[in-house]
1. Look through VAL95, VAL52, VAL72 and report the one residue that is in a helix (DSSP H, G or I), among the aliphatic types (A, V, I, L, M) and over 16 Å from the mean Cα position of the chain (by Cα).
2. Name the residues in region 10-27 that are touching a residue at least 60 places away in the same chain (Cβ under 8 Å) and either open to solvent by 60 Å² or more (accessible area, probe 1.4 Å) or in a loop (DSSP other than H, G, I, E, B) (or both), would you?
3. Identify the single condition in (1) out of contact with any Cys (no Cβ under 7 Å at 6 or more places or on another chain); (2) assigned to a helix (DSSP H, G or I); (3) touching a residue at least 40 places away in the same chain (Cβ under 8 Å) that CYS131 does not satisfy, given that it satisfies every other one.
4. Answer yes or no: is there a residue in region 205-219 that is crowded, with 16+ Cβ neighbours inside 10 Å, outside any loop (DSSP other than H, G, I, E, B) and acidic (Asp, Glu).
5. Hey, does region 157-170 have a residue that's closer than 30 Å to ARG36 by Cα and either open to solvent by less than 20 Å² (accessible area, probe 1.4 Å) or of a type outside the set (Lys, Arg) (or both)?
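The values are calculated or read from the model by the stated rules, or taken from the named source; none is laboratory data. Quick caveat, the model's predicted, so the values are computed rather than measured. Glycine also receives a Cβ, built like all others from the backbone with ideal geometry; neighbour counts cover every protein chain displayed. Remember, those area values only see protein heavy atoms, side chains included, never the ligands or the DNA or RNA. Shrake-Rupley method; radii C 1.70, N 1.55, O 1.52, S 1.80 Å.
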Amino acid sequence: MINNIQIGPLTLHVYGIMTALGYLSAFIISEIRAKRKGMDTDILYGIFWCAVLGGSGGSKLLYYIVSIPDIVRNPSILWDFQNGWVVYGGIIGGVLASLVYCRYKKADFVSYLDLVLPGVAFAQGCGRIGCFFAGCCYGRETDSALSIQYWQSEYAPNGVKLIPTQIYSSIGDFVLAFVLMVYAKREPAKGKVAAGYCILYSIGRFVIEILRNDYRGAVGFLSTSQIISIFILILGIVMFIRAGKGVKQ
């Protein structure tokens, strides 16, 4: 895969392009859904920027946390803002920043969470395509015909057949986005769409982590993301049960 596109003196990174496309698509999807539901798009704009800033900060912070041993050996990692981002950190950071914003605006945070998470899932699918081209988040070695080999990657081992975990993740994220949007049309109780995202994404992420082979931090025999997935799954189940005791939106 080729991640860098050279246009004269300008170098475009497919990873960056897909990340930007993900943010844009998440906003467009959420805006369309907000207008259909009669929700305040001004609040949505604020949430979008909170998600961008909070997500970037959270993603970088979690990367630093799981990379402490590497940072101790090489402190220059702290100043490398081009590489080193963790998706779960971005999700958590974006959600927390949006929560603070909704509290400030006295907006119903859970309703907006139901609104934006299908778009977030779609954006993650775009981002994983970027990972595929860059070679980060790569899978284990395999002899399967369903494999990918890199020759110019700065992250994945080159010339080795690998499980295309990025593509599996991307497909799963797109399917998740579609499922959540279809489910949302049934007008479930407030919080159930967000709970569905937590449950389905955490299960999918836990399984994908088994197939990955890049270093992402570990607690015992589980990766950092698998530990987080367990907590997100529990949170999603609790949210779904509690939402079921409420009324429909």
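1. Details: VAL95 fails: over 16 Å from the mean Cα position of the chain (by Cα); VAL52 fails: over 16 Å from the mean Cα position of the chain (by Cα).
It is VAL72.
2. First pass over region 10-27, keeping only residues touching a residue at least 60 places away in the same chain (Cβ under 8 Å): 13-19, 21-23, 25-27.
Listed by number, the residues that qualify are HIS13, TYR15, ILE17, LEU21, TYR23.
3. Evaluating CYS131 over (1) out of contact with any Cys (no Cβ under 7 Å at 6 or more places or on another chain); (2) assigned to a helix (DSSP H, G or I); (3) touching a residue at least 40 places away in the same chain (Cβ under 8 Å) leaves (1) as the failure.
4. For region 205-219, residues crowded, with 16+ Cβ neighbours inside 10 Å, outside any loop (DSSP other than H, G, I, E, B) and acidic (Asp, Glu): present.
5. Taking region 157-170 and keeping what is closer than 30 Å to ARG36 by Cα, we get 169-170.
Next, from what is left, pick out any that are either open to solvent by less than 20 Å² (accessible area, probe 1.4 Å) or of a type outside the set (Lys, Arg) (or both): 169-170.
Looking for residues that are closer than 30 Å to ARG36 by Cα and either open to solvent by less than 20 Å² (accessible area, probe 1.4 Å) or of a type outside the set (Lys, Arg) (or both), one finds at least one in region 157-170, hence yes.
One line per residue, one yes/no per condition, for (1) aromatic (Phe, Trp, Tyr); (2) in contact (Cβ under 8 Å) with a residue 12 or more places away in the chain; (3) assigned to a helix (DSSP H, G or I):
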{"position": "ILE91", "(1), (2), (3)": "no, yes, yes"}
{"position": "VAL100", "(1), (2), (3)": "no, yes, yes"}
{"position": "ARG103", "(1), (2), (3)": "no, no, yes"}
{"position": "TYR112", "(1), (2), (3)": "yes, yes, yes"}
{"position": "CYS126", "(1), (2), (3)": "no, yes, yes"}
{"position": "CYS136", "(1), (2), (3)": "no, yes, no"}
{"position": "GLN152", "(1), (2), (3)": "no, yes, no"}
